[in-house]
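Take a look at the structure set out below.
The values are calculated or read from the model by the stated rules, or taken from the named source; none is laboratory data. A quick note: this is a predicted structure, and the numbers were derived from the prediction, not measured. Note that each Cβ is placed from the backbone with ideal geometry, even for glycine, and that neighbours are counted across all protein chains shown. Heads up: the accessible areas ignore ligands, DNA and RNA and are worked out on the full protein's heavy atoms, side chains in. Shrake-Rupley method; radii C 1.70, N 1.55, O 1.52, S 1.80 Å.
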Amino acid sequence: MTTDTTTAAPSHTGAASPSSANAVHAAQPLVMSIILAAGGAHLINDMIQALLPSIYPMLKDGYGLSFTQVGLITLTFQVTASLLQPWIGMYTDRHPQPWLLPSGAVATLVGIVLLAMAGSFPAFLLAAALIGIGSSTFHPEASRIARMASGGRFGLAQSTFQVGGNAGSAFGPLLAAAIVVPYGQGNVAWFVLLAVLAIIVLSLVSGWYRRHLAANKGRAKPRPAQALPASTVRRALLVLALLVFSKYFYMASFTSYFTFYLIDRFGLSVASSQLYLFLFLGAVAVGTFVGGPIGDKIGRKLVIWISILGAAPFALLLPHANLFWTGVLSVVIGLVIASAFSAIVVYAQELVPGKVGMIAGVFFGLMFGFGGIGAALLGHLADLYGIAWVYGLCAFLPLAGLLTVFLPNLKEGPI
């Protein structure tokens with residue numbers, strides 16, 4: 001199994017290189033039970049998140065919301081989920097806080113209760129904000145724990161963690177179609193049970209985190225050296241941010257508006273459209289899981305190339321396809337484009353060694369932020385020009401994968 005390390009020599013005498021930092025991680029055992037627990041909590045967290053856009057058609061009809069208001073609900077969630085993440089990651093890089101994990105799940109629980117009871121647009125915004133706050137406290141720390149438990153197999157750990165979230169995003173619409181859409185908004189309260197389960201799981205994970213910190217307290221830690229010029233790192237991070245922008249603007253067209261597109265263009269029922277969304281999100285989950293281990297073997301940059309740019313031909317065909325091929329193409333797009341994120345996160349962590357939490361927070365924050373801005377902007381454009389026009393425009397976004405040419409090559413070395 002291999003991972004990426006940089007080609008240049010360390011710039012500080014006596015400081016550890018990224019490859020030696022990898023060796024330190026490899027000396028720690030792979031704790032798959034903790035990775036799976038973090039992934040399971042991610043599944044619950046993102047399943048609850050996916051509940052919100054899944055009931056948009058019901059809320060839009062029941063409360064007379066516009067597409068712009070629907071987009072603003074998503075923006076509120078995504079902004080609260082994104083703004084706190086880098087700061088939490090930066091702080092906990094220096095001052096680990098295991099208690100943040102279960103406390104974030106409590107905020108999510110309160111948001112679910114409010115969503116079940118809300119009867120106005122401002123109340124929906126507040127519920128979305130609380131669920132977003134729960135996510136912002138979850139992602140940086142849970143991602144850090146997955147890396148701690150990786151035994152040096154960073155791609156495997158990150159993709160396993162991430163696939164939990166993607167699976168949750170896939171099952172959320174399915175549960176909404178089965179529980180909430182047929183029986184009404186009040187049945188959102190059933191998701192409280194999932195939030196309670198997340199609190200229990202994350203309490204156990206945070207206990208392992210505390211024991212891990214205690215066991216390693218006082219041990220000498222190698223100080224990672226910055227082996228690439230600062231200007232090269234900044235340029236690479238900018239390129240990665242632009243790739244995340246293109247990916248999650250495009251993903252926002254699916255997660256928030258794919259059901260509306262299918263209903264508008266093909267006359268499907270809400271329940272039937274949710275099944276197509278489930279297929280897309282299920283494909284995203286599979287693609288995410290595959291991407292991490294492949295990145296460990298062939299390198300992150302190649303995975304990023306294949307993932308984002310490789311989705312472009314299928315994205316360009318989608319607006320012109322019939323219902324059958326729309327389903328097929330959406331699954332292919334989900335499989336191909338999904339593998340990019342875990343590769344981007346691990347690649348960025350290799351670029352900026354020693355800042356695991358901050359980098360995870362920044363990129364999860366960008367994911368949520370760009371997704372929220374995309375949802376709001378695309379909703380406004382749908383009000384102005386129609387949802388089919390929006391899909392025609394978004395088809396060009398994966399061409400941004402060409403920017404991958406500006407990423408530096410990172411040397412692969414043993415971990």
| field | Vicinal HN-Hα couplings computed from phi for segment 93-108 (Karplus, 6.51 cos²θ - 1.76 cosθ + 1.60; Hz; Gly/Pro x) | value | 4, 9, 10, x, 10, x, 5, 4, 4, x, 5, x, 5, 5, 4, 4
| request: May I ask you to evaluate 6.51 cos²θ - 1.76 cosθ + 1.60, the Karplus curve with θ = phi - 60°, for each residue of segment 151-158 and list the ³J(HN,Hα) values in order in whole Hz, giving x for glycine and proline? | output: x, x, 8, 5, x, 4, 5, 5
| field | Calculated P(r) tail over 22 Å for segment 163-308, as whole % of Cα pairs | value | 63 percent
| note | Here the FRET efficiency for Ala123 versus Ile298, based on Cβ atoms and R0 = 35 Å and rounded to 0.05, is 0.15
| field | 27 Å Cα cut-off, lysine pairs counted over the chain (separation 8 or more, or different chains) | value | 14
| message | With every atom except the alpha carbons ignored, what do you get for Rg and Dmax of segment 260-415, in angstroms? | response | 17.1, 53
| Rounded accessible area per residue of the chain, 1.4 Å, Å² | 38 Å²
| query | How big is segment 243-285 in terms of Cα radius of gyration and Dmax, in angstroms? | reply | 11.0, 34
| remark: For segment 348-415, the Cα convex hull volume per residue in Å³ comes to 112 Å³
| query | How big, on average over all directions, is the shadow cast by the Cα convex hull of segment 307-357, in nm²? | reply | 4.1 nm²
| said: Test of understanding: what is the full-extension gain from Leu384 to His320, defined as 0.36 nm times their sequence separation minus their Cα-Cα distance? | reply: 21.0 nm
| said: For Cα pairs less than 8 Å apart in space and 6+ apart in sequence, what is the mean separation divided by the residue count of the chain, i.e. the relative contact order in percent? | reply: 32 percent
| message | Can you tell me the mean projection area, over all orientations, of the convex hull of segment 83-149's alpha carbons? Units nm², please. | response | 4.7 nm²
| note | In nanometres, the difference between 0.36 nm per residue of separation and the alpha-carbon distance of Leu204 and Trp190 is 2.7 nm
| remark: With label points set 7 Å from each Cα along the Cα-to-Cβ direction at Ser66 and Leu242, the distance between them in nm comes to 3.3 nm
| task | Excluding Leu403 itself, calculate the net charge of residues whose Cβ lies under 13 Å from the Cβ of Leu403, where each Lys or Arg counts +1 and each Asp or Glu counts -1. | result | +3
| note | Rounded to 0.05, the calculated FRET efficiency for the beta carbons of Ala271 and Gln97 at R₀ = 35 Å is 0.25
| message | Rounded to two decimal places and with Rh computed the Kirkwood way over Cα pairs, what is Rg over Rh for the chain? | response | 0.97
